[in-house]
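Any read-out appearing in this document is the output of simple, stated calculations on the displayed coordinates, not a laboratory observation. Note that this is a predicted model, so its numbers are computed, not measured. Positions of Cβ are generated from backbone atoms using ideal geometry, with glycine treated the same way; all protein chains shown enter the neighbour counts.
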Amino acid sequence: MIYYKLKKGVAIEDFKKYSIGVDQPVLKKQKGIIEFKVYEVSKLEPDTVNPDFDIVENILVESYERWLEIVDADEMADNGEQWLELCDFNSRQVYMKKLI
C-alpha cells in the first residue's frame, strides 16, 4: 500500500484525470500486478485530525522484487514524471503486507 499527499495547489480532479487516464491503465498492464485500486481519503467526522495523506493505492503484486522492476522499467518513466508533478514525494509511505 502506498499513502501520499497531493502537492499544495493540486486539485483532486487533476489527480483523478491522471490516475484514471494514465497511471491505472499503465500499471494494470504490467506483468506481476494482480490488482491496483486507488482511493481518495476524506474525513467523515468534522472534529477528527486531518490524515497525513490524500491518496491510498492498494497494489497487489507478485513480490516486492517484481514491484521494484516495474517502477524502474523504461515504460514507467513518463508515468513517474507525471506523478511527481501532482504528488508530494516526501509524503509517500510504502507498506508491504504478506498473506500469512
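Values for this structure:
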{"read-out": "Of Lys7/Lys29; Lys37/Lys97; Lys17/Lys37; Lys5/Lys97; Lys31/Lys97; Lys7/Lys37, pairs whose Cα-Cα distance is over 25 Å", "value": "Lys7/Lys29"}
{"read-out": "Whole-number percent relative contact order across the chain, with pairs defined as alpha carbons under 8 Å at least 6 apart", "value": "46"}
{"read-out": "Low-density loop cleavage sites - trypsin sites (Lys or Arg not before Pro) in region 4-45, where at most 11 other Cβ are within 10 Å (DSSP)", "value": "Lys8, Lys29, Lys31, Lys43"}
{"read-out": "Proxy reagent accessibility, fewest Cβ within 10 Å first, across Met76, Met1, Met96", "value": "Met96, Met1, Met76"}
{"read-out": "Extension gain (nm, one decimal) between Lys97 and Val22, 0.36 nm per residue minus Cα-Cα", "value": "24.5 nm"}
{"read-out": "Rounded tilt (10° steps) of 77-86 against the dominant C-alpha axis of the chain", "value": "10"}
{"read-out": "Hz values of 3J(HN,Hα) by residue in region 26-33 - Karplus curve (6.51, -1.76, 1.60), Gly and Pro given as x", "value": "5, 5, 5, 8, 6, 4, x, 7"}
{"read-out": "Cleavage-rule hits, chymotrypsin sites (Phe, Trp or Tyr not before Pro), region 6-100, DSSP coil, Cβ neighbours within 10 Å at most 10", "value": "Tyr95"}
{"read-out": "Cα Rg, Dmax, region 2-94, angstrom units", "value": "13.8, 45"}
